[in-house]
Amino acid sequence: MTRAVVAIVTLALVLAGCSGFVQQDSPETVTPAAVPTDGVGYPPGVSDDAVVPSTLASTHERTLATTNYTLVTRQWVTDSNGTVLRRSNHTRYVAVNKTTYAGQFRQNGTELNTFTTRIDYWTNGSIVAAQYDERVNRRSQVKWSVRDDGPVSDLSERRTIRAVGEAVALSVADRSDSGVVLVGTRFRNPDRLNTPLFVSDPRNVSVRLRVNHDGTVSAFRLAFDAKRSDRQVRVTQEMRLRHIGSTTVRQPEWVENTTQRSLQD
């Protein structure tokens, strides 16, 4: 049976740089709260004295591998006046088997020329479909090509979580029956950050992660100042887990329509 596969060669590269995120231009002041000592436990990789990023990230990935979920990442880059230079939104819906998932990526910006990029994708492990639409100055182009691998290489954002933990010194700000809140305002290794293209010299960082007791990072927010060309910018990134255990992944209608057209060719 002929496979109908809609994709672009650069799809994986585009999506690989989309970890993140909610607009907030001013730095967030974080004051760690007193940590209770009533016997409430810690998630793996977290203790009174330290956070082990590799353990935290690996536990997050392993726990999500046993369920379905929706994961949303957003990112904003704003200048010193608060003007949004680039904005991206990425939502993915993941089934329990992790070979079936779908998603939408949207990006727009005002740099050079106003542009909009839209990518919709779906895979069941053997068929990979992605629909790409780019508009620059109101011109639209759709590209089609064949791919044999999935469009997203890090479904759970494990690498992003580990990178944030290795880039910023984290500590426990709050602990409750639902989990812990980790915060950080000091860089340890800023080179570990997944920064937007052409952004350099990150500083004035603020990060907040919410970690459930099962080890899943249910939300995080990262913000930092940086340079982009000759201007100062603020980068804000956010990730949120939603509908854990209740996410359904359906084949989009546009995939079925494309398959029917391919079989008729």
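The values are calculated or read from the model by the stated rules, or taken from the named source; none is laboratory data. All figures in this text were calculated on a predicted structure; none of them were measured in a lab. Heads up, the Cβs are rebuilt from the backbone with ideal geometry, glycines too, and the neighbour counts pull from every protein chain shown. Each accessible area value is taken on the protein alone, full model and side chains, heavy atoms only, with ligands, DNA and RNA left out. Shrake-Rupley method; radii C 1.70, N 1.55, O 1.52, S 1.80 Å.
Quick one: in the stretch 216-226, of everything that is within 14 Å of the chain's Cα centre (by Cα) and surrounded by fewer than 22 Cβ atoms within 10 Å (Cβ to Cβ), which residue is nearest to SER80 (Cα to Cα)? Among those that are within 14 Å of the chain's Cα centre (by Cα) and surrounded by fewer than 22 Cβ atoms within 10 Å (Cβ to Cβ), it is ARG221.
Look at (1) more than 30 Å from VAL255 (Cβ to Cβ); (2) open to solvent by 10 Å² or more (accessible area, probe 1.4 Å); (3) modelled with pLDDT of 95 or more and you find that VAL207 fails only one, number (2).
Suppose the filter is surrounded by fewer than 16 Cβ atoms within 10 Å (Cβ to Cβ), at pLDDT 95 or above and not aromatic (Phe, Trp, Tyr); does ASN97 pass it? Considered against the rule, which asks whether it is surrounded by fewer than 16 Cβ atoms within 10 Å (Cβ to Cβ), at pLDDT 95 or above and not aromatic (Phe, Trp, Tyr), ASN97 comes out as no. It is to be established whether one or more residues within the stretch 238-254 are on the phi > 0 side of the Ramachandran plot, touching a helix residue (DSSP H, G or I) at 6+ places or on another chain (Cβ under 7 Å) and not in a strand (DSSP E or B). Looking through the stretch 238-254, none of the residues is on the phi > 0 side of the Ramachandran plot, touching a helix residue (DSSP H, G or I) at 6+ places or on another chain (Cβ under 7 Å) and not in a strand (DSSP E or B). Scanning the stretch 60-74 for residues that are assigned to a helix (DSSP H, G or I) and open to solvent by less than 30 Å² (accessible area, probe 1.4 Å) turns up HIS60, LEU64. Residue selection: THR78 fails the criterion of being surrounded by fewer than 16 Cβ atoms within 10 Å (Cβ to Cβ) and closer than 25 Å to ARG231 by Cβ.
Selection over the stretch 120-137 of residues that are in a strand (DSSP E or B) and modelled with pLDDT of 85 or more gives a count of 8. Filtered by the rule that a residue be modelled with pLDDT of 95 or more, of a type in the set (A, V, I, L, M, F, W, C) and under 17 Å from the mean Cα position of the chain (by Cα), the stretch 163-199 gives ALA163, VAL164, ALA167.
Across the stretch 157-199, the qualifying residues are those that are acidic (Asp, Glu) and touching a strand residue (DSSP E or B) at 6+ places or on another chain (Cβ under 8 Å), and the one among them that is surrounded by the fewest Cβ atoms within 10 Å (Cβ to Cβ) is ASP174. Candidates in the stretch 227-265 are the residues that are at pLDDT 95 or above and of a type in the set (Gly, Ala, Ser); of these, the one that is most open to solvent (accessible area, probe 1.4 Å) is SER246. Taken over the stretch 138-162, residues that are modelled with pLDDT of 90 or more and acidic (Asp, Glu) amount to 2.
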